[in-house]
Amino acid sequence: MFIAVIAVCVILDRVSKLAALRYLADGRRVSVLGNVLGLKLLFNPGASLGMGSGATPAIALLACAACILLCVAAWRTESMAWTVALALCCAGALGNLIDRVYYATGVLNGKVVDFIDYGWSIGNVADVELFVAAVVVVVLVLADVPYAARRKKPADDGDGGDVMLDGSHADFPQREGGAA
């Protein structure tokens, strides 16, 4: 599921950016909802809201590290909801990282193709994926959806409790004879 979500999201991001490059190259703004939402092509060397535009290689390296860590995190969870949230986040980071590599004139100093004009900021589909991932993570945390499955402690410890994969204990009634 992790790979499928990433594949679909990266394809949506790439296709939308290629369309923006083709149809918005003349610099015009296409109004979708007046001044609230439109389409306008922009090449962003920085992160969100253009911050860090002088640190493009560092942003690219952080995106690489984030993608690796998200893959590891997805490998460790047994929760489908967490898998989808991690995949959305990875897809967003990967979508913008692809731009930084593909449009680079030096080492990882490429610009991200942005085209969704919110009036106060211009972003892209990868940014939307990152935003949705953040909202899903907040919902999962607030809903107390477990990231890791519970596993049984070895029977020789005698306390009959279960242990979370992170090592914390969960209190469950002991079975007869004290074995977990």
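The values are calculated or read from the model by the stated rules, or taken from the named source; none is laboratory data. Keep in mind it's a predicted model, so treat the numbers as computed, not measured. Glycine gets a Cβ as well: all are built from the backbone with ideal geometry, and neighbour counts include every protein chain shown. Just the protein is used for accessible areas: all its heavy atoms, side chains included, with ligands, DNA and RNA removed. Shrake-Rupley method; radii C 1.70, N 1.55, O 1.52, S 1.80 Å.
Could you work out what % of the accessible surface of segment 1-92 is carbon and sulfur, using a 1.4 angstrom probe and leaving DNA, RNA and ligands out of the count?
Summing carbon and sulfur atoms, their accessible area is 75 percent of the total for segment 1-92.
Given the peptides 95-103, 8-16, 29-37, arrange them by the average over their residues of other C-beta atoms within 10 Å, most packed first.
Output ranking for 95-103, 8-16, 29-37: 95-103, 8-16, 29-37.
Where a ≥ b ≥ c are the square roots of the eigenvalues of the C-alpha gyration tensor, would you call segment 87-130 rounded, which needs a/c under 1.5, or, failing that, prolate if a/b is larger than b/c, or oblate?
It is oblate, given that a/c is not under 1.5 and a/b is not larger than b/c.
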